[in-house]
Amino acid sequence: MVLQRFSWPYGGLSAAFCGNFTGWTEYPMTLVGNEFHVVFDLPPGVYQYRFLVDGVWRCDDTKPFVRDEYGLISNEVLVENNAQPVVQPEPSTSGINMDDGTISTTMPPEPSLQNPGMQIAVFRHGISGILLHNTIYDVVPLSSKLAILDAQLPVKQAFKIMHDELQRNIRALGNEELEMHPISAWKEAKLQFYGGPDGAAMQRRPLIHVKDSDNLVDVALTIIRNEISSVPIFKSLPDSSGMPMLNLATLQGILKFLCSKLQEQAEGYSLLQNQLLNIPIGTWSPHTGRASNRQLRTLRLSSPLNSCLDLLLQDRVSSIPIVDDNGSLRDVYSLSDIMALAKNDVYARIELEQVTVQNALEVQYQLQGRRQCHTCLQTSTLLEVLEELSIPGVRRVVVIEQSTRFVEGVISLRDIFTFLLG
């Protein structure tokens, strides 16, 4: 065994250390003077390691490093048996050296893949490595069509593009207002409505965006934290003359890229083969006995459409499973289905209180045809769900009981990334 010392001399408020010999489990480092230290008792060999400094994965540029097949960079060290052997410490695994204050740790055993918490931690570490070392250029198409609206454009003309926002106002605006109301005036009305009487609450929030140099973790977190479906990508210019808009980034685009990387070496991520029933992800019905951060809502075909819209807004969700009188899944009504109401001025000819969800779905079917309802089982693997959600246009999968099609849960793109990023 050889006593090997690792240090991070480049500042920071906190630092942790991990390596392939720790199963990529993080170990805290001790600050001594201006450097963080940790010492491991290792057998001779070649090892890879990284530092987690203030929550960001870092490598020491002055030390040898290697790049794996995902482009993930790690420092590398050759431990040689050219020093006096050290006495193997007792199984307490760590002790404090009072001379320099460093932590001396024996080499921990390989993580047990039977430990779900450890398996998830190792999996998340690998996912973060992939996303941290890739940028938005890895996920956006080389060529695409991007629509940018003039603020003076009439709302009705912009309806198809702005359906996610317009659905919040469709009941408040009449047909004539939709014909003449410009977007700029509409946004002012929204500020007053959501801001209330307090003028300070009516301040415009800055434009949410990412830069083309941002890594994919930052891009995904920007989308999740701001509860948006996509985020504009601006190109940074060194002369600060402006930031041209390049494209839009979405969770689905990031997931598609991630799936392509995982498929290249799926055997390195055993958690991908775990069934959903063993993974803490998604929103679940109480009858499953699984914990959820939010309540799973369903509506019957006979429910009034306005109650569906109210739930979408109040629960801040993008879709609601629709079931028949037996509780079996029939379809999913989502915010994007509001677009069907704009076709042929349908929204101007109906009373939402008198229209049922079934009526609204029939309008959807007449205008766009019937669509596939994407489902899975609790026994489906995580990989199967990731691949399903990476299909263009699929934003969530409904977990059903196979024989009855009872709704057991919903897993959305947001749920996936919340789980992946911990």
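Once the C-beta distance of residue 77 and residue 264 is scaled by a Förster radius of 25 Å, the resulting FRET efficiency is 0.40 to the nearest 0.05. Sorting 45-54, 295-304 by average packing, meaning the other beta carbons within 10 Å per residue, from highest down gives 45-54, 295-304.
A full extension of the chain between residue 316 and residue 207 corresponds to an added length of 37.2 nm, given 0.36 nm per residue minus the alpha carbon distance. For residue 57, the solvent-accessible surface with a 1.4 Å probe is about 50 Å², rounded to the nearest 10. Please list, by residue number, everything in region 313-328 whose backbone N is under 15 Å from a paramagnetic label point 7 Å out along Cα→Cβ of residue 373. Residues 319-328 qualify, since their backbone N sits under 15 Å from the label point.
The values are calculated or read from the model by the stated rules, or taken from the named source; none is laboratory data. These numbers were taken from a predicted model, which means no experiment stands behind them. Neighbour counts run over all protein chains shown; Cβ positions are idealised from the backbone, glycine included. The protein model used for the area step is the full one, side chains on, heavy atoms only, and it has no ligands, DNA or RNA in it. Shrake-Rupley method; radii C 1.70, N 1.55, O 1.52, S 1.80 Å.
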